[in-house]
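Read through the structure below, which is laid out as structure tokens, and then see the notes.
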Amino acid sequence: MERWRDFKKELLKDPEVADEYQKLAPRYELISELIKLRIKNGLTQKELAERIGTKQSAVSRIESGNGNPSLECLEKIFLALGAQLHISAK
């Protein structure tokens, strides 16, 4: 883990990398929260998918950052995980 932290620290010294990292931070914070909640609820991706009426592959794409879920889809996911989705702007 230390190697990753050191590597990340070195990468973020580049202003362009740091800027892109900051732009993506909210997306990955949301994904991390979704994964934590799914695991906390003891659900597999397939079980979560069944709860929201989609396929496991769709949940996988969302969790990997390769999907572009709608707000409605995110609301369904968080509701299925017993949580509420709150969005704020700064």
Only one of Gly53, Gly42, Gly65 is exposed (fewer than 14 other Cβ atoms within 10 Å of the Cβ) and under 16 Å from the mean Cα position of the chain (by Cα), namely Gly65
Selection from the stretch 1-39 of residues among the basic types (Lys, Arg), loosely packed, with under 11 Cβ neighbours inside 10 Å and either part of a helix (DSSP H, G or I) or in contact with a Ser or Thr (Cβ under 9 Å, 6 or more places away or on another chain) (or both) yields Arg3, Arg5, Lys9, Lys23
The condition of being within 21 Å of Leu24 (Cα to Cα) and either among the charged types (D, E, K, R) or in contact with a Leu (Cβ under 9 Å, 6 or more places away or on another chain) (or both) holds, among Leu81, Leu43, Leu71, Leu48, only for Leu71
Looking across the stretch 41-53 at residues that are assigned to a helix (DSSP H, G or I) and touching a residue at least 24 places away in the same chain (Cβ under 8 Å), the single one that is nearest to Leu74 (Cα to Cα) is Ile52
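None of the figures in this text is laboratory data; all of them are computed from the coordinates on show. Since the model is a prediction, treat every value here as computed from it, not as a measurement. Positions of Cβ are generated from backbone atoms using ideal geometry, with glycine treated the same way; all protein chains shown enter the neighbour counts.
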